[in-house]
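Read the structure below first, then the notes.
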Amino acid sequence: MGEVNIVETEARKIENPVIVIGLPEAGLVGTISCMYIIKSLEMEEVGYIETPFTYPVLFLHKGKIAEPIRIFQKNSIFLVSSEIAIPPEGLFSLVKKLAEWIDRKKSKLVLMLGGIPTPNRMEIQKPRCFGVISEEKLKDILEKAGVERLGEGIMVGPYSMLLREAIKRNFPAVALLAQSYSNLPDPGSAASVIQALNKIIGTEIKVDELLQKAEEVRIRSRDLMRRTSDVMRRMGKARELETPSMYI
Amino acid sequence: MTGKKGKTFWEEIEERFEKIIREMEERIDKTMEEATEFFPLEKPLWNAEKCCLTPLIEVQNLSDEIILMIDLPYVEKKGDIELDATEKTVEIKAKLKRPYRFEGWGTVQKEIDFRTYRRKIKLPEEIIPEKAQATFKNGILKVKLPKKVKAKKIRID
């Protein structure tokens with residue numbers, strides 16, 4: 001099996017960038033929010049990630065060939081987004097490479113965008129966003145943004161691995177997770193995550209259009225959601241609904 | 001006239017006949033299962049001939065009921081949804097508020113006007129169809145299906 005490679009097609013020397021990451025997970029919250037951020041901020045494609053595990057797949061967008069996992073940039077923000085579900089067997093090598101890249105960039109903050117499966121999501125009008133931080137000094141960032149820190153729970157998936165790498169390599173990382181459906185695309189949850197991101201890094205992305213086009217997003221995300229559901233089942237995502245052990 | 005184990009000829013015939021019917025039912029169930037499994041990845045989520053889409057479903061299998069969350073973007077009102085349940089299956093048909101076309105997608109797909117959602121779901125356990133309840137909100141249909149076999153209370157001595 002080949003290696004994971006991060007290919008930067010446009011070399012951008014940006015000091016201490018913010019790095020935003022959106023991978024397909026519960027409710028496709030990471031992918032939907034990243035797609036919307038890319039469009040809203042008019043971010044430029046500057047690279048992609050080659051992986052041996054994303055199958056022989058390429059995407060076509062408006063006639064142009066596009067890699068499934070791409071890197072975008074605008075001002076001091078890099079964004080990594082995947083349009084393909086990442087199988088559990090590929091996560092370790094992808095996360096390792098991503099962590100090395102973040103380290104080299106000397107990122108001042110890594111923000112991972114995603115959803116928390118919430119059984120009564122249908123009854124929730126505006127999903128709440130929660131934060132998981134890699135180091136204690138980041139709790140002020142959450143407080144200022146009005147994002148509640150997730151106290152107890154179990155995290156399963158790429159963000160749990162990336163947070164572990166953040167602790168090991170000492171780069172600051174926050175996972176912003178909004179209440180979401182597990183196996184249905186959730187633009188409402190993506191809007192909550194973007195609003196939290198706005199407060200943390202000072203962007204002014206309006207989510208009105210995302211909410212207006214929610215049906216369009218849902219109908220077009222069905223295949224990615226189906227594949228992501230399969231991957232989440234294989235990685236044991238349902239464990240996130242389990243009660244964590246208690247220290248008394 | 002008696003046969004094996006003291007059964008009459010007609011009792012034996014009836015028993016064999018019931019066995020054949022049981023086997024046939026099992027075969028039909030298996031075929032249905034293959035045709036309606038939850039996430040058949042190799043099958044597309046659309047049917048060009050019938051101009052219909054397969055809706056996504058989230059399933060919660062609780063102790064006394066099964067909850068289905070069915071995603072129906074572009075379905076406007078509950079009157080456009082048809083829901084049928086048996087003890088083992090739920091079938092959904094729903095009309096989109098306007099024909100939907102995936103602009104620019106594929107070769108022939110971009111010319112299809114999708115008009116409906118259709119899906120037959122095989123349930124993980126038997127339910128009581130008469131007691132099923134459904135609500136529709138923001139394009140999502142929630143179906144609550146009480147299970148047929150409920151836990152029986154055990155007296156604690």
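Just so it is clear, none of the values below were taken in a lab; they were calculated from the coordinates. From a predicted model like this one, the values you see are computed outputs, not experimental measurements. Glycine also receives a Cβ, built like all others from the backbone with ideal geometry; neighbour counts cover every protein chain displayed.
Take the Cα of B:ASP84, step 7 Å toward its Cβ, do the same at A:VAL7, and the gap between the two points is 5.2 nm. Rounded to the nearest 20, the Cβ-based charge dipole of the range B:46-146 about its Cα centre (Lys and Arg +1, Asp and Glu -1) stands at 420 debye.
Listed cross-link partners B:LYS120/B:LYS142; B:LYS97/B:LYS122; A:LYS108/A:LYS144; A:LYS206/B:LYS78 are compared with a 22 Å cut-off, the Cα-Cα value being larger for B:LYS97/B:LYS122; A:LYS206/B:LYS78. Considering only A:GLN195, A:GLN179, A:MET235, and ranking their Cα positions along the charge dipole of the range A:14-236 that arises from unit charges at the beta-carbon of Lys, Arg, Asp and Glu, the one farthest toward the positive end is A:MET235. Give me the Debye-computed log₁₀ of I(q)/I(0) at q = 0.11, 0.18, 0.21 Å⁻¹ for the range A:21-173, equal point scatterers on Cα only, no solvent, two decimals. One equal scatterer on each Cα of the range A:21-173 leads to -0.46, -1.26, -1.65. Going by Cα centres, the range A:73-130 and the range A:15-33 are how many Å apart? So the separation of the two Cα centres works out to 4 Å.
Using Cα pairs under 8 angstrom and six or more residues apart, how large is the relative contact order of chain A, in percent? Don't skip to the answer; put the middle values down first.
Details: 498 pairs, mean separation 63.8, N = 248.
This gives 26 percent for chain A.
Extension gain, A:LYS96-A:ILE167: 0.36 nm per intervening residue step, less the Cα-Cα distance, totals 24.3 nm.
Taking 19 Å as the cut-off, no amide N atom of the range A:111-134 comes nearer than this to a point 7 Å along the Cα-to-beta-carbon line of A:GLU15.
Amide H to amide H, with H built 1.01 Å from N, B:ARG119 comes under 5 Å of B:ILE92, counting only residues 5 or more places away or on other chains.
Spacing of the modelled spin labels on A:LYS106 and B:GLN133, each 7 Å from Cα toward Cβ, amounts to 6.1 nm. Once the gyration tensor of the Cα atoms in the protein assembly as shown is diagonalised, the equivalent ellipsoid follows with semi-axes of 44, 25, 21 Å, ordered largest first.
Basic side chains Lys and Arg get +1 at the Cβ, acidic Asp and Glu get -1 at the Cβ, and with that the dipole of the protein assembly as shown about its Cα centre reaches some 500 debye. Counting 0.36 nm for each residue step from A:ALA238 to A:ALA66 and taking away their Cα separation leaves a gain of 58.7 nm. Computed from the C-beta positions of A:GLU143 and B:LYS50, the FRET efficiency with R₀ = 56 Å rounds to 0.55. Note on B:PHE102 and B:GLU76: the model spin-label points, each 7 Å out from Cα along the C-beta direction, lie 2.5 nm apart.
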